Amino acid sequence: MTEAVVHAHHGPDRRPGIIGWIARWLFTTNHKDIGTLYLVMSCFMFFVAGAMAMVIRAELWIPGLQIVNPHFFNQMTTLHGLIMVFGVIMPATVGFANWMVPMMIGAPDMALPRLNNLSFWILPFAFTLLTSTLFMKGGAPDFGWTFYAPLSSTYGPPSTDFFIFSVHMMGMSSILGSLNIIVTILNLRAPSMKMMKMPIFVWTWLITAFLLLAVMPILAGAVTMLLTDRHFGTSFFNAAGGGDPLLFQHIFWFFGHPEVYILILPAFGIVSEVVPTFSRKPLFGRNMMIYATICIAVLSFLVWAHHMFTTGITLSAELFFMYVTMLVAVPTGVKVFNWVSTMYKGSLTFETPMLFALAFIVLFTIGGFSGLMLAIAPADFQYQDTYFVVAHFHYVLVSGSLFALFTGVYYWYPKWTGRMYNEALGKWHFWLSLISMNVTFFPMHFLGLAGMPRRIPDYALQFADFNWIASLGAFVFGITQLIFVFNLIYSRYKGKQATMEVWEGSHGLEWTLPSPPPYHSFETPPEVK
Amino acid sequence: MSSTAGGYYVPKPSHWPIMACIALICLTTGAANWIHGNTIGPYLFSFGFLVLIFMKLGWFRTVINEGLNDTFNHQVELSFRWGMGWFIFSEVCFFSAFFGALFYTRAIVVPWLGGDYGTAASLHTNLVLWPNFHGVWPVMNPPGKSVFHGLTEAMSAWGIATINTAVLLTSGLTITWAHWAIVKSRRKQVVISMLITVALGIAFLALQSHEYWRAYNLQGLTLGSGIYGTTFFMLTGFHGLHVTIGTIMLIIITIRCMKGHFDKDHLFGFEAVSWYWHFVDVVWLLLFIFVYWM
Ligand SMILES: [Cu+2]
């Protein structure tokens, strides 16, 4: 036992040298190591998919075809979307869960540490496979991240099959990862931490994990059907055999809509942790926050066809999906109301995490409102497949999910590393991101309302001005993210020492551990007040 | 062994997961290359498969030994239980995608293509695109008969499928018998009931293979028969795959029963497999009702 105790305090026993270093990261079963791996990988993939966005915006800088051909342009939009969703936002939120959930519930580690290692290490293989399609004959997948049949079945390039298998691998990783998180939350809580006492971030991840377990297998089913339709003679998505291409959209969006909540619920969780800290007040309507999250998760299974208003589904279906979609605004509104009420009469300070959280609340709400506009079936006939949709989901994903991830990184970085990030660089990162994000995506609303279709490399002259502005914003946004990475690396070595509490108003078990925390977070269950 | 002072169990670093990743990447790239007719495909796939088997044996051996040495406590076992439960939940969701496809095509697509859905669009689809198509299930003659060849005889519920239902339900009983025998420490009964369960699993697979052989050779029913063949083979095929995996797990558990690995306080491995087997059982009942019978 003594040996084990020593081990617990001093981190992993590892062989010296580069081999030992590689072995440590390859074989690790530690939740913090794995959390770091997730976060570092998603940061890397953020720049890969970001570079693709730069190619897209460079091509759209002025009308006409300048830099890339339309075929390659389509590959860029497809891979940009796929990697941002599956390779950046999702792994980053899982990285947060790995780091924070055991510390927040008073556990030593994740419930199934070896499985945890597997969940992460599948991903680098899956994304190598996915990006390798760029170098294959016929190019990478070019049918958009939604890979609608028959674009992906009958007309997909040969690399589609490699894409299908990479999606299978990502799905496996997500299922195992979320299974681990759900088991950790249900089984490894400190005995005195009752369910309703759990931090909101843990709650949002519990529900996210449930959503992942429910819908990732559906996605696996969709790509499996695609594979058999392409090569084994089945006719799921082929009307000539009695199937239906629309079936693909139904299955895809039955996965796809809960998927957008998988991307945003952990973000809600992060913001719900950060706003009370910098307001120096407890979260307003804590239990309502939990119920609202559950409500959103339930509704997410009943709204998928709002992506299909123009496909010729029946009128009764349009009305049903329109009203249920609008209903989602109620629990979401509760959340926004509670964040704002938390700040009301609080003694606010505006450190970088709080700034990003504030931007999140305002800009995510804008994205929510454009979502409501899109939910109105008759109006959607106009908006469908235009830049208005692109503007909408970038407001909820960039200024929503991504800003919340920045919030979380700045908020917990001192806890993770034991050093403060550089506040001045953090503020530069925030203000430049905020401005350039809006310069990039706000004009896209106008472009969409004026009728500019999405996923095209060239456009009519009337759209030139707004596209030029959007591209300019995008380049600034891209460069700004280098400040973020520099800050993280620089502060890792040069930042001031962080205290245990880090923030004046911090609350929760993770702040009762030293910064950085010991290798196995809690060796004995802590008492929760 | 590695654990923390408070009695929590945390396993030490492991090389099995990364081996699983290597197996996976070889399996997937191997399969994709194989489909594309590249020579490397089958070799890569087979290599991946071997690595997979080796990894599974090693990983499970590690965990089984930890269990036998009482390395981990009740809490870890509870984690395994939760984990297995949620894994089966995700499997249910996987099958629901295929059941959903079946219900959707039967309730909407086939009537729509036949012009009977009750909307103008449905009528036009039929008149303009497939005027000779009749939207009735089972779809013997798909709309595009030149591509999807149709079939001569659909599956009947009252032949092999009925026998297979009896076989699987009986195996559900015998595995419950085994569970009871373990709790009561009746070693001989455990082994007998497990052997019967394995035999029933193998019998099911043999009967289903025979059914598939008949479908392909006598009924003109193949994967390429249109939507009926598509849904029939994909649903029963994935179920059959699960029965195969389940039978392999049952064989391993039977060997472990013979070695006396389980008693009334240590039977998670057994229970996990029995849950899985019951899940496969329930899926079969749904298949019997919705694919064979109705
Ligand atoms: Cu949606």
So which residues in segment B:212-233 are surrounded by fewer than 23 Cβ atoms within 10 Å (Cβ to Cβ) and part of a helix (DSSP H, G or I), if there are any at all?
-> B:Tyr212, B:Trp213, B:Arg214, B:Ala215, B:Tyr216, B:Asn217, B:Leu218
Given (1) in a helix (DSSP H, G or I); (2) of a type in the set (A, V, I, L, M, F, W, C); (3) within 30 Å of B:Phe103 (Cα to Cα); (4) more than 16 Å from the ligand (Cβ to nearest atom), A:Phe236 misses just (1)
Of the residues that sit in segment B:221-235 and are at the interface with another protein chain (Cβ under 7 Å from one of its Cβ atoms) and of a type in the set (Gly, Ala, Ser), which one is nearest to B:Leu113 (Cα to Cα)?
-> B:Gly226
For segment A:489-496, does any single residue satisfy the condition of being out of contact with any His (no Cβ under 8 Å at 6 or more places or on another chain) and on the phi > 0 side of the Ramachandran plot?
-> no
Please tell me if A:Met136 is crowded, with 24+ Cβ neighbours inside 10 Å, within 12 Å of another protein chain (Cβ to nearest Cβ) and hydrophobic (A, V, I, L, M, F, W, C).
-> no
Members of segment A:432-473 found to be of a type in the set (Gly, Ala, Ser) and either touching a helix residue (DSSP H, G or I) at 6+ places or on another chain (Cβ under 6 Å) or over 23 Å from A:Phe143 (Cβ atoms) (or both), listed by number = A:Ser433, A:Ser436, A:Gly448, A:Ala450, A:Ala460, A:Ala464, A:Ala470, A:Ser471, A:Gly473
Residues of segment A:185-202 being at the interface with another protein chain (Cβ under 8 Å from one of its Cβ atoms) and touching a Pro at 6+ places or on another chain (Cβ under 8 Å), in sequence order, are A:Leu188
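Listed here are the residues, each with its yes/no results for (1) aromatic (Phe, Trp, Tyr); (2) surrounded by fewer than 16 Cβ atoms within 10 Å (Cβ to Cβ); (3) modelled with pLDDT under 90; (4) not in a helix (DSSP H, G or I).
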site: A:Ala8; (1), (2), (3), (4): no, no, yes, no
site: A:Arg15; (1), (2), (3), (4): no, yes, yes, yes
site: A:Ile22; (1), (2), (3), (4): no, yes, no, no
site: A:Thr29; (1), (2), (3), (4): no, no, no, yes
site: A:Gly35; (1), (2), (3), (4): no, no, no, no
site: A:Leu39; (1), (2), (3), (4): no, no, no, no
Of the conditions (1) more than 16 Å from the ligand (Cβ to nearest atom); (2) at pLDDT 95 or above, A:Phe364 clears all except one; give me its number.
-> (1)
Taking B:Leu24, is it assigned to a helix (DSSP H, G or I), farther than 24 Å from A:His31 by Cα and either within 11 Å of another protein chain (Cβ to nearest Cβ) or touching a residue at least 24 places away in the same chain (Cβ under 8 Å) (or both)?
-> no
Check A:Ala97, A:Ala92, A:Ala107 and return the single one that is at pLDDT below 95, surrounded by 23 or more Cβ atoms within 10 Å (Cβ to Cβ) and either of a type in the set (A, V, I, L, M) or outside any helix (DSSP H, G or I) (or both).
-> A:Ala107
Inspect segment A:323-339 for any residue being part of a helix (DSSP H, G or I), more than 14 Å from chain B (Cβ to nearest Cβ), of a type in the set (Phe, Trp, Tyr) and within 16 Å of the ligand (Cβ to nearest atom) and give the result as yes or no.
-> yes
Test each condition in (1) aromatic (Phe, Trp, Tyr); (2) more than 23 Å from the chain's Cα centre (by Cα); (3) farther than 27 Å from A:Phe254 by Cα; (4) part of a helix (DSSP H, G or I) for B:Phe72 and report the one that comes out false.
-> (4)
Look through B:Ser209, B:Ser156 and report the one residue that is touching a Phe, Trp or Tyr at 6+ places or on another chain (Cβ under 8 Å) and loosely packed, with under 15 Cβ neighbours inside 10 Å.
-> B:Ser156
The condition of being modelled with pLDDT of 95 or more and within 16 Å of the ligand (Cβ to nearest atom) holds, among A:Leu247, A:Leu299, only for A:Leu299
Residues (surrounded by 18 or more Cβ atoms within 10 Å (Cβ to Cβ) and either among the polar types (S, T, N, Q) or assigned to a helix (DSSP H, G or I) (or both)) located in segment A:418-437 = A:Asn422, A:Gly426, A:His429, A:Phe430, A:Ser433, A:Leu434, A:Ser436, A:Met437
Could you please find all residues in segment A:232-284 being of a type outside the set (A, V, I, L, M, F, W, C), under 17 Å from the mean Cα position of the chain (by Cα) and within 12 Å of another protein chain (Cβ to nearest Cβ)?
-> A:Pro258
Identify all residues within segment A:12-65 that are within 14 Å of another protein chain (Cβ to nearest Cβ) and free of Cβ contacts under 8 Å to residues at least 40 places away in the same chain; write none if there are none.
-> A:Asp13, A:Arg14, A:Arg15, A:Ile19, A:Gly20, A:Trp21, A:Ile22, A:Ala23, A:Arg24, A:Trp25, A:Asp33
Find all pairs meeting these conditions: Cβ atoms under 7 angstrom apart; at least six residues apart or on different chains; first residue within segment B:78-106 and facing chain A (nearest Cβ under 7 Å) and under 15 Å from B:Gly269 (Cα atoms); second residue crowded, with 20+ Cβ neighbours inside 10 Å and among the small types (Gly, Ala, Ser).
-> B:Ser79/A:Ala111
Positions within segment B:119-140 being at the interface with chain A (Cβ under 9 Å from one of its Cβ atoms) and free of Cβ contacts under 8 Å to residues at least 12 places away in the same chain, in sequence order = B:Thr119, B:Ala121
When (1) crowded, with 20+ Cβ neighbours inside 10 Å; (2) more than 10 Å from chain B (Cβ to nearest Cβ) are applied to A:Phe301, the one that fails is (1)
Pick from A:Phe125, A:Phe120, A:Phe147: which is out of contact with any strand residue (DSSP E or B) (no Cβ under 7 Å at 6 or more places or on another chain), part of a loop (DSSP other than H, G, I, E, B) and not hydroxyl-bearing (Ser, Thr, Tyr)?
-> A:Phe147
Which of (1) within 16 Å of the ligand (Cβ to nearest atom); (2) β-branched (Val, Ile, Thr); (3) assigned to a helix (DSSP H, G or I) is the odd one out, the single condition A:Ile313 does not satisfy?
-> (3)
Report whether or not A:Leu283 is out of contact with any strand residue (DSSP E or B) (no Cβ under 9 Å at 6 or more places or on another chain), away from the ligand (no atom under 11 Å from the Cβ) and outside any helix (DSSP H, G or I).
-> yes
Close pairs (6 angstrom Cβ cut-off, 6 or more residues apart or separate chains): within 15 Å of A:Thr365 (Cα to Cα) in segment A:253-268, within 11 Å of the ligand (Cβ to nearest atom) anywhere | A:Tyr261/A:Ser300
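The values are calculated or read from the model by the stated rules, or taken from the named source; none is laboratory data. Small disclaimer: the values here were computed from a predicted structure and weren't measured. Methodologically, a virtual Cβ is constructed for each residue, glycine included, from the backbone with ideal geometry; neighbour enumeration extends over all protein chains shown.
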